[in-house]
Amino acid sequence: MPRIVFVNRYFHPDHSATSQMLSDLAFALASRGYEIAVVTGRIGYESGGAELARRETIAGVAVERVWTSRFGRGSLYGRVADYLTFYLSSLVFLLRVVRVGDIVVAKTDPPMLSVLAAPVVRLKGARLVNWLQDVFPEVAAAVGVGTGAGGRTLYAMLRRLRDRSLRRAAVNVVLGERMAERVAAMGVPRGKIRIICNWADGEIVRPVARDRNALRRSWGLGDKFVVGYSGNLGRAHEFETFLQAIAEIERMPGTPDVVWLFIGGGVSQAAMMREVARRGLASVMCLPYQPRETLGESLSAADVHLVTLRVGLEGLIVPSKIYGVMAAGRPTIFVGDGDGEVARTLRTFDCGDTVPEGDGPALTAAVLRLAAQPGECSRLGANARDAFDQHYALPHAVGQWCELIEALRTGTPAR
């Protein structure tokens, strides 16, 4: 049985999204008897905590934490330095430990790990699987980073290197059909592209009824209709549509008591809260990230959740927060492309609604419709949990990864 070596800047006990996905998968594969190693960094996503142990074994997973600088996410230059030192440290480690027959799974934090991993894997007689959580540098360009002449030239060079590394990989795992289309357009054969959606842990996140939800009670939400947003609100996420709907509902006489609950963080959340204060909006609550152990109660505290992605980023990112919302048995209102990955999911399983980016009145109408029809809200939420159990629960994704690993081991084509 081949050894599987994952490379990603964050791993357990870090709480970031890429860490949680990788940790879930690595521990599940180890429990099934696979030999698993993880190459990761020694500092967490927030970069303020103590340095983690250089080497340890956690639940059967051999963890090697390489040295990086620790400037954190506060400045672009500091982030680049952290990326570069992780690239160098992980390159040295991979050159030292990768052996013939290994399967090296490179994630996309930091970006372009496939470019670093591809020559090492080829030299060592191993096999490369790229696990794309996003598509760089297109994401950076889409959010306006490095769009000057020099940046465009650099991005063109990076795209050529990236495309070559994807074509040389054994398999590229993407998160949805729109992302598969993007990767195929880079010249990657469809036989080297495998869709495995992200997931949530349905044992940790279960629907919790209003009257049994301790967090909802402690936050004073009572019988209010709660519109939730959970997780990172970053540059990929538009929020002006939210603000329009919040202001419009607050101005309406006789409307249901609606609270907009934002749990998490991110640069756009900070900007949004400044706008909330400037516009004097009174129905918004903002709370920090909640422990994973209470995620079921946290997500169930809302009656409906918002998910958003800027239209230009479809196929480059898939907002994985939708799977936690579905696990909690709550409907979703997606703000974005009506033919986007999330919009397709909501239509297929009849578990939410989609409104166009920038259309505040449409979001207002969607929220008020669900607030006035609790039975419909419950029906959509039940559909969401049913679809989650069948398609997006952790065991389903682990099974797909096991099929992929076995296909690589035996030399049969991945489906």
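Quick note: the coordinates plus some simple rules give every number you see, no bench work behind them. Remember, predicted model here, so these are calculated numbers, not experimental data.
Using every Cα-Cα pair within the chain, state what percent have a distance larger than 37 Å.
Numbers: 19898 of 85905 pairs.
Here the tail beyond 37 Å accounts for 23 percent of pairs.
Between amide H atoms placed 1.01 Å from N, distances below 5 Å from Met285 occur with Trp260, Leu261, Phe262, all of them 5 or more places distant or on a separate chain. How much of the calculated P(r) for the stretch 12-107 lies past 16 Å, in percent of all Cα pairs? Roughly 59 percent, once rounded to a whole number.
Quick one: pull the percentage of alpha-carbon pairs in the stretch 330-401 with a separation above 17 Å. So the portion of pairs separated by more than 17 Å is 49 percent. The 3J(HN,Hα) values that the Karplus relation (6.51, -1.76, 1.60; θ = phi - 60°) gives for the stretch 297-312 are, in residue order, 5, 4, 5, 6, 5, 8, 7, 8, 10, 9, 10, 9, 8, 4, 4, x Hz. Gly and Pro appear as x. Our note on the geometry: Cα centres of the stretch 117-153 and the stretch 1-74, 20 Å apart.
Database remark: amide H of Ser16 closer than 5 angstrom to the amide H of Tyr45 (H placed geometrically; neighbours at sequence offset of 5 or more, or on other chains; Pro and chain starts carry no H). Available extension along the chain between Val311 and Val92 is 75.0 nm, counting 0.36 nm per residue and deducting the alpha carbon span.
Dividing the Cα radius of gyration of the stretch 1-50 by 2.2 N^0.38 Å, with N the residue count, gives 1.18. Which ³J(HN,Hα) values in Hz, rounded to whole numbers, follow from the phi angles of the stretch 53-59 under the Karplus curve 6.51 cos²θ - 1.76 cosθ + 1.60, where θ = phi - 60° and Gly and Pro get x? Residue by residue, the stretch 53-59 yields 4, 5, 8, 6, 10, 10, 6 Hz. Proximity of backbone amide H atoms, modeled 1.01 Å from N, is registered between Val105 and Val5, Phe6, Val7, Val129 at under 5 Å, excluding neighbours fewer than 5 places apart on the same chain. Report P(r) for the stretch 210-391: all Cα-Cα distances, bin width 10 Å, range 0 to the bin holding the largest distance, values in whole percent. That works out to 10, 40, 41, 9, 0, in percent per bin. The spacing between the stretch 160-191 and the stretch 304-351, judged by their C-alpha centroids, is 23 Å. Helices of the chain meeting both criteria, an alpha-carbon length of 27 angstrom or more along the long axis and an average Kyte-Doolittle score not below 1.0, with helices taken as full DSSP H segments, are 76-97. Overall size of the stretch 54-152 from C-alpha positions, given as principal axis extents largest first: 43, 27, 23 Å.
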